[in-house]
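The values are calculated or read from the model by the stated rules, or taken from the named source; none is laboratory data. Just so it is clear, the model here is predicted, and its values are computed rather than measured. Cβ sites come from the backbone with ideal geometry, for glycine too, and all protein chains shown count toward neighbours.
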Amino acid sequence: MLDEIRNARHKFSAAIPSPAGDPIAPAEAIMRALWEGQTSRPDAQTATVPETLDAARAGVHLAAALVQWFISGAVARTP
């Protein structure tokens, strides 16, 4: 998804305005935080960083918010 945003960010809209004028930036920041901060995935290409229970809980909350934004249409890809 990060590649999709990088390659076609002009095709995304968001209900929450961004101060920088980049509507997808908040969602992208959450995606990047999850991708870079939660490295213990089955497909991880690099060594994992130590992850704490608190970090895992925070990751779940971030992921849930991100999914809700897309499901509700708060962040959407335009045709």
Any residue in region 14-25 that is within 15 Å of residue 77 (Cβ to Cβ) sitting within a Cβ distance under 6 Å of a residue that is of a type in the set (Lys, Arg) and not in a strand (DSSP E or B)? List the pairs, counting only those 6 or more apart or interchain. 24/9
I'm trying to understand the selection: among the residues of region 30-42, which are exposed (fewer than 12 other Cβ atoms within 10 Å of the Cβ) and not in a loop (DSSP other than H, G, I, E, B)? 36
Determine if region 62-75 includes at least one residue that is loosely packed, with under 11 Cβ neighbours inside 10 Å, at pLDDT 95 or above and of a type outside the set (A, V, I, L, M). yes
Is it the case that region 10-23 has a residue that's outside any loop (DSSP other than H, G, I, E, B), modelled with pLDDT under 90 and basic (Lys, Arg)? no
